[in-house]
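Here is the structure we will look at.
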Amino acid sequence: MIRTHQTTPFPDQKPGTSGLRKKVRVFQQPNYAENFIQSVFDVVGADLVGATLVIGGDGRYLNREVIQKAIRMAAAAKVGRVVVGQGGLLSTPAASNLIRQRGAVGGLILSASHNPGGPDEDFGIKYNIANGGPAPEGVTEAIFARTQVIDRWLASDTPDVDLDQLGEVAVADMAVEIVDPVTDYAALMECLFDFDAIRAAGLTVSFDAMSAITGPYATEILERRLGFAPGTVVNGMPLEDFGGHHPDPNLVHARELYDRMMGDDAPDFGAASDGDGDRNLIIGRGRFVTPSDSLAMLAANAHLAPGYAGGLKGIARSMPTSAAADRVAERLKIPAFETPTGWKFFGNLLDAGMATICGEESAGTGSDHVREKDGLWAVLLWLNILAKTGKSVDQIAREHWATYGRNYYARHDYEGVESERADALMAELRGSLASLPGRQVAGLTVETADDFAYHDPTDGSVSARQGVRVLFQGGSRVVFRLSGTGTSGATLRVYLERYEGPDGDLDRDTGAALADIVAAADEIAGIVRHTGRKQPDVIT
Ligand code: G16
């Protein structure tokens with residue numbers, strides 16, 4: 001039986017950069033998750049009837065509970081079949097793959113990505129469309145509009161499904177199929193990469209799954225299929241609270257891995273992934289590779305993997321990501337695209353066959369194999385390249401810079417800033433754009449300054465106000481924007497970049513290389529004055 005439940009709107013259900021992310025306590029309010037899920041279903045509407053829908057999450061606290069709700073609501077929305085990862089688990093790229101493999105109408109991915117988990121931490125719901133990628137802005141805006149007028153949600157009056165039992169059961173008139181979350185994804189990886197070459201190369205690897213979703217995937221692929229030694233995967237058991245850690249693969253939160261990779265007995269290759277498995281951190285023995293550089297180096301060497309042997313159609317990066325990948329595209333004579341922050345902006349380019357590889361400074365890299373960024377994919381492409389070239393990560397990086405030059409790069413995050421203060425900073429900055437060109441700051445001269453607007457070449461849509469960028473003479477740059485993924489206060493992100501040509505000093509300390517740009521950024525935006533912070537909370 002289908003039951004109708006009365007409800008009233010919540011004002012705060014506007015999806016951010018990647019779905020709706022809030023504290024668990026917010027999601028635990030009666031009707032909160034249901035209102036959002038029903039709004040998604042109302043927007044997708046008749047397309048759901050008889051269709052397949054994928055549901056899974058990163059296993060964080062509240063995952064199972066919300067999955068049970070979503071199953072009952074999907075039955076009420078007359079969905080034909082839901083495909084759910086066993087235990088409610090699906091990494092974000094695996095969910096994207098399943099949506100595509102099954103010809104599903106879309107999927108609900110329950111995750112707050114790299115944000116911490118647990119009763120006092122974060123939860124999230126994201127809707128992905130039939131191409132397997134995050135819903136584009138038009139859809140997320142329609143979902144938000146629906147949340148603001150919703151007055152009822154519908155659910156079948158059925159008991160919980162056993163999420164741990166593989167196989168098929170019925171919920172009202174709908175089939176619920178519980179699948180192994182790893183199998184299809186691992187098969188896809190075997191098609192793309194040369195597993196034999198990786199196996200034969202005799203590399204040593206350390207992969208930190210950060211007690212999050214990639215544990216089972218990495219154990220199956222790295223230890224079982226590729227034969228890396230047991231213990232290659234550390235923190236491999238997904239935990240509801242990620243063991244109390246922040247599952248963000250950066251130099252602050254994956255510090256142990258970094259220290260291991262800088263030590264005397266470091267393995268050849270180190271990597272980590274985040275809460276939902278779409279981000280990656282790459283560290284060779286003694287060499288950290290920035291996500292922007294990783295994108296460029298992967299693109300330059302991708303032809304060494306069977307899945308990309310035919311070459312790349314184009315490379316896309318988000319605007320705050322360094323321009324290192326653009327130089328690779330130039331040399332390969334393929335187009336380079338610059339999109340706003342948010343993986344959803346790559347979807348159209350990938351669908352149109354205009355780009356093959358995409359990446360972001362926020363530790364995301366991926367390709368047209370799915371429509372999400374993919375942490376393990378990046379790890380496997382790196383391993384494929386190391387195996388085929390016989391070179392170390394450090395060697396690949398140095399040779400890359402000697403060919404293309406080096407984009408010294410860092411991101412400074414000021415977290416938990418009062419929203420009013422952060423908004424005031426951005427408003428003042430936007431107001432000053434016209435007066436910036438020609439201004440001297442910290443020994444640098446501003447060449448141009450603007451607020452990035454993206455014109456999607458596939459559908460003509462325009463996304464304005466995507467971040468303030470200030471370019472200095474000589475090719476250095478600073479970008480300012482507010483994060484769209486936080487759950488408390490505002491996070492100011494300041495992206496700093498200096499380009500050094502192939503004949504320049506390619507072996508500088510990044511902090512020293514960027515010092516004048518850091519000083520210029522503060523002078524231009526008044527960071528200390530507005531936020532009261534003298535130092536960023538996180539430098540990546
Ligand atoms: C999400 C998006 C990414 C974006 C990142 C950071 O990643 O999918 O495209 O770069 O957030 O966004 P922001 O700077 O607005 O916080 P994830 O891994 O959190 O899903």
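Annotations for the structure displayed:
- Annotation: amide H of residue 467 within the under-5 Å range of 452, sequence separation 5 or more or interchain, hydrogens built in the peptide plane.
- Sequentially through the stretch 331-347, phi angles give Karplus couplings (6.51, -1.76, 1.60; θ = phi - 60°) of 5, 7, 6, 10, x, 10, 10, 10, 10, x, 4, x, 4, 4, 6, 7, x Hz, Gly and Pro residues having no value and appearing as x.
- Backbone geometry of the stretch 210-226 corresponds, through the Karplus equation with coefficients 6.51, -1.76 and 1.60 at θ = phi - 60°, to 3J(HN,Hα) couplings of 6, 6, 10, 5, 6, x, x, 5, 5, 5, 5, 7, 6, 7, 7, 7, 9 Hz, x marking Gly and Pro.
- A dipole drawn for the chain from +1 and -1 charges on Cβ atoms has a positive end, and of 379, 441, 296 the residue lying farthest that way is 441.
- With a cut-off of 12 Å between beta carbons, the residues surrounding residue 452 carry a summed charge of +2, where Lys and Arg count +1 and Asp and Glu -1.
- Karplus 3J(HN,Hα) series, Hz, for the stretch 444-461 with 6.51 cos²θ - 1.76 cosθ + 1.60 (x for Gly, Pro): 10, 10, 6, 8, 9, 8, 7, 9, 5, 10, 9, 10, 5, x, 8, 10, x, 5
- For the chain, a crude dipole built from +1 on the beta carbon of Lys and Arg and -1 on the beta carbon of Asp and Glu, taken about the Cα centre, is about 660 debye to the nearest 20.
- Gyration tensor analysis over the Cα atoms of the stretch 204-266 returns equivalent ellipsoid semi-axes of 18, 17, 7 Å (largest first, whole Å).
- Lysine pair count for the chain [Cα-Cα under 19 Å; pairs on different chains or 8 or more apart]: 16
- Dipole of the chain, positive end: most advanced residue of 229, 45, 154 [Cβ charges, Cα centre]: 45
- Positive-end extreme of charge dipole, the chain - chosen from 416, 475, 250 (charges on Cβ): 475
- Neighbours of residue 20 by Cβ distance under 10 Å: Lys/Arg scored +1, Asp/Glu scored -1, total +3.
- Under 5 Å, built H, 5+ apart or other chain: amide partners of residue 50: 79, 80
- Cα-based equivalent ellipsoid, the chain: semi-axes from gyration tensor eigenvalues, Å: 36, 29, 21
- Here the sum of -39500 (n - 2.57) over DSSP H runs of 4 or more residues, divided by the residues of the chain, equals -9000 deg cm²/dmol at 222 nm, to the nearest 500.
- For the stretch 334-456, a simple Cβ point-charge model (Lys and Arg +1, Asp and Glu -1, everything else neutral) yields a dipole of about 580 debye relative to the Cα centre.
- Computed on the stretch 373-467, with alpha-carbon pairs under 8 angstrom and 6+ residues apart, the relative contact order is 11 percent.
- Counting Lys and Arg as +1 and Asp and Glu as -1 over every other residue whose Cβ lies under 13 Å from the Cβ of residue 295, the net charge comes to -2.
- Across the chain, the mean sequence separation of Cα contacts (distance under 8 Å, 6 or more residues apart), normalised by length, yields a relative contact order of 13 percent.
- Interchain or long-range residues, amide H under 5 Å from residue 339's placed H: 317, 318, 319
- For the stretch 271-306 and the stretch 362-388, distance of Cα centres in Å: 7
Throughout, read-outs are computed from the coordinates displayed, never taken from laboratory work. The structure presented is a predicted model; accordingly, all values stated were derived computationally and were not measured. Heads up, the Cβs are rebuilt from the backbone with ideal geometry, glycines too, and the neighbour counts pull from every protein chain shown.
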